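Enquirer: Here it is: the structure, laid out below.
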Amino acid sequence: MPEALPAAWLEELRGFLAIPSVSADPAHAPGVARAAEWVAEKVRSLGGEAEVRENGRLVVGEIAGPPDAPTVLVYGHYDVQPPAPLELWETDPFVAEPRGEWLYARGVADDKGQLWMQLKAIEELVAEREPPVTFRVVCDGEEETGGDAIIRFLDSDDGPVDACVVMDGWMKTRNTPEFVVATRGLVAIDVEVRTGDRDLHSGHYGGTALNAIHALAQALTALFPRDGRLPEPLRAGVTPPSEAEAVDWLELPPGADELARVGAVPLDERADEDFYERVFVEPSLDVTGILGGKPGLRNTTLVSQASAGITIRVAPGQDPEVLADAAEALLRDALPAGATLEVLARDLTPPAVLPRDTEVLALAQDAFEGVFGRRPLIVRVGGTLPITAALASRGIPTVMAGLALPDSHTHSPNERMLLETFPLGVAAARETYRALATLAG
């Protein structure tokens, strides 16, 4: 297997990674637009047409194949997570740095590096001869912030699509690819609890007046899991996996190893044994932040207002609207008398299940096996990719593969990708596109 990243490839990739396309920070909006133009110009350089839409949040391009050739939708995202905290980076996050067997940079794994692999594979096919398929390159610059530009495009698009290839995510074991056939959805709720008109002196009113932080904490406990499972109102619609899926999961690393790898403390004594069932099949809930009082300052205040952010990963088969309503009801029921709760924001993304038994997936499995020497496993993921539900609703046969590793530090300082993975990823994408040329266009 290839082991080195050619110098010319590294130079091009470094230029792409150098663009600070942080979608969560308005100050980096020009960087997102520059990354969009980089992708568009790459498509144009390969003989295609491309335009940047929605102020850099979307790129739509096409590289024509032979008459009557199938059309393949190529998706990836060019926005990245904020690099903070900068002091934890060993090198500049926007200067790609090879160290040992890894390439370090923000976005190298999620998802610029993997999008680049797809574009490089198309370049190799164009250089050889006429492209074997028509490529519709549709990428976005707001995946990391949950934007819906790509969803709105797919909902309104009536162009031909015979298959879609997405490279985003990871494989749990080195050089053992995984194809994703289901993703969890997401419910994000911001709530505020009030217990009075203003903050009070705890010396005068402590022990007699209700504290908003205490009230919020009491309400939040109603959402927490018991014996590894969320309360039943939050499990409505949970469906078991197929037998074929469960068999593939047996080849994944043990749950105890996955938790130990990231230094996590198990939620309970069955967390390792039930790891994949909980991540793939069950919903999960996390409080992502609590605000109240004067954080960082020692003071004697009885707090009258507190807020929290809550996210629920919605399992396949569940309705995010139902779960959001259920979570709100549980919070209100558990709130102490006299306290009030207001929902400040509520964002919903549905889960998705992609068809497993398709010609597209079988062809891609053959192609990846030829490159990696291992047939890809068919798995679910616990994360949320907004495009998945749109692809599922349109019935587009999809290959969703990720080539980063759990050790790639995605969304963390010192994000990295194995150097050997770039030529492997390019080859796997290239051979997949060749295989998909056999589909009836």
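Enquirer: Which one is most open to solvent (accessible area, probe 1.4 Å) among residues in the range 352-369 that are touching a helix residue (DSSP H, G or I) at 6+ places or on another chain (Cβ under 7 Å) and at pLDDT 95 or above?
Expert: So, considering only residues that are touching a helix residue (DSSP H, G or I) at 6+ places or on another chain (Cβ under 7 Å) and at pLDDT 95 or above, the one most open to solvent (accessible area, probe 1.4 Å) is 366.
Enquirer: Considering only residues of the range 129-145 that are of a type in the set (Val, Ile, Thr) and either open to solvent by less than 10 Å² (accessible area, probe 1.4 Å) or within 21 Å of the chain's Cα centre (by Cα) (or both), which is nearest to residue 22 (Cα to Cα)?
Expert: 145
Enquirer: What are the pairs, 6+ residues apart or on separate chains, where a residue within the range 416-441 that is over 16 Å from residue 176 (Cβ atoms) has its Cβ under 8 Å from a residue that is at pLDDT below 95 and part of a helix (DSSP H, G or I)?
Expert: 416/407
Enquirer: Mind listing whichever residues of the range 155-167 are at pLDDT below 95 and either farther than 29 Å from residue 234 by Cβ or part of a loop (DSSP other than H, G, I, E, B) (or both)?
Expert: Hits for the range 155-167 are 156, 157, 158, 159, 160.
Enquirer: If you don't mind, there's one more thing I want to ask. Name the pairs whose Cβ atoms lie under 6 Å apart, with the first residue in the range 353-372 and over 15 Å from residue 439 (Cβ atoms), the second in a loop (DSSP other than H, G, I, E, B), and 6 or more positions between them or separate chains?
Expert: Between residues of the range 353-372 that are over 15 Å from residue 439 (Cβ atoms) and residues that are in a loop (DSSP other than H, G, I, E, B), the close pairs are 353/316; 368/177; 368/376; 369/375; 372/175; 372/177.
Enquirer: Inside the range 71-110, counting only strands (runs of 3 or more DSSP E) that do not spill past its ends, which hold 1 or more residues that are among the hydrophobic types (A, V, I, L, M, F, W, C) and at pLDDT 95 or above?
Expert: By residue number, 71-75, 102-104.
Enquirer: Of 198, 136, which residue is modelled with pLDDT of 95 or more, part of a strand (DSSP E or B) and basic (Lys, Arg)? Let's see the steps before the verdict.
Expert: Values: 198 fails: part of a strand (DSSP E or B).
Only one candidate passes the filter, namely 136.
Enquirer: A follow-up question, please. For the range 82-123, give me each residue that is of a type in the set (Asp, Glu), open to solvent by 50 Å² or more (accessible area, probe 1.4 Å) and touching a strand residue (DSSP E or B) at 6+ places or on another chain (Cβ under 9 Å). Explain how you work it out, then say what you get.
Expert: Pass one, the range 82-123, residues of a type in the set (Asp, Glu): 87, 90, 92, 97, 101, 110-111, 123.
From the residues that got through so far, the ones that are open to solvent by 50 Å² or more (accessible area, probe 1.4 Å) too are 87, 90, 92, 97, 101, 123.
Result: 90, 97, 101.
Enquirer: Of the residues 267, 252, which is touching a Lys or Arg at 6+ places or on another chain (Cβ under 7 Å), outside any helix (DSSP H, G or I) and either in contact (Cβ under 8 Å) with a residue 24 or more places away in the chain or closer than 14 Å to residue 406 by Cα (or both)? Before you say what the answer is, go through the steps one by one.
Expert: Numbers: 267 fails: touching a Lys or Arg at 6+ places or on another chain (Cβ under 7 Å).
Unique residue meeting the criteria: 252.
Enquirer: Can you give me the number of residues within the range 339-382 that are of a type outside the set (Asp, Glu) and part of a loop (DSSP other than H, G, I, E, B)? Don't jump to the end; show me each part of the working.
Expert: Initially, the range 339-382 is screened for residues of a type outside the set (Asp, Glu), giving 339-341, 343-346, 348-356, 358, 360-365, 367-368, 370-382.
Add one more test, that the residue is part of a loop (DSSP other than H, G, I, E, B), and what stays is 339, 350-351, 354-356, 358, 373-376, 382.
So the answer is 12.
Enquirer: Go through 436, 419 for me and flag whichever is at negative phi, buried (at least 24 other Cβ atoms within 10 Å of the Cβ) and touching a Pro at 6+ places or on another chain (Cβ under 8 Å).
Expert: The match here is 436.
Enquirer: Could you identify the single residue in 375, 356, 430 that is touching an Asp or Glu at 6+ places or on another chain (Cβ under 7 Å) and farther than 19 Å from residue 114 by Cα?
Expert: On the way: 356 fails: touching an Asp or Glu at 6+ places or on another chain (Cβ under 7 Å); 430 fails: farther than 19 Å from residue 114 by Cα.
When all the criteria are applied, what remains is 375.
Enquirer: With more than 15 Å from residue 384 (Cβ to Cβ), open to solvent by less than 50 Å² (accessible area, probe 1.4 Å) and either touching an Asp or Glu at 6+ places or on another chain (Cβ under 6 Å) or polar (S, T, N, Q) (or both) as the only criterion, which of 289, 309 stands out?
Expert: Of 289, 309, the one residue that is more than 15 Å from residue 384 (Cβ to Cβ), open to solvent by less than 50 Å² (accessible area, probe 1.4 Å) and either touching an Asp or Glu at 6+ places or on another chain (Cβ under 6 Å) or polar (S, T, N, Q) (or both) is 309.
Enquirer: Now for a separate question. Hey, could you check the range 378-408 for residues that are closer than 12 Å to residue 179 by Cβ and open to solvent by 10 Å² or more (accessible area, probe 1.4 Å) and say which is nearest to the chain's Cα centre (by Cα)?
Expert: It comes out as 381.
Enquirer: Open to solvent by less than 50 Å² (accessible area, probe 1.4 Å), under 26 Å from residue 358 (Cα atoms) and in a loop (DSSP other than H, G, I, E, B) - does that describe any residue in the range 178-193?
Expert: Yes, some residue in the range 178-193 is open to solvent by less than 50 Å² (accessible area, probe 1.4 Å), under 26 Å from residue 358 (Cα atoms) and in a loop (DSSP other than H, G, I, E, B).
Enquirer: Could you tell me how many of the residues in the range 209-249 are of a type in the set (Gly, Ala, Ser), in a loop (DSSP other than H, G, I, E, B) and open to solvent by 20 Å² or more (accessible area, probe 1.4 Å)?
Expert: So the answer is 4.
The values are calculated or read from the model by the stated rules, or taken from the named source; none is laboratory data. Given the structure is predicted, the values throughout are model-derived calculations rather than measurements. Quick reminder, even Gly has a Cβ in these numbers, built from the backbone with ideal geometry, and neighbours come from all protein chains shown. Heads up: the accessible areas ignore ligands, DNA and RNA and are worked out on the full protein's heavy atoms, side chains in. Shrake-Rupley method; radii C 1.70, N 1.55, O 1.52, S 1.80 Å.
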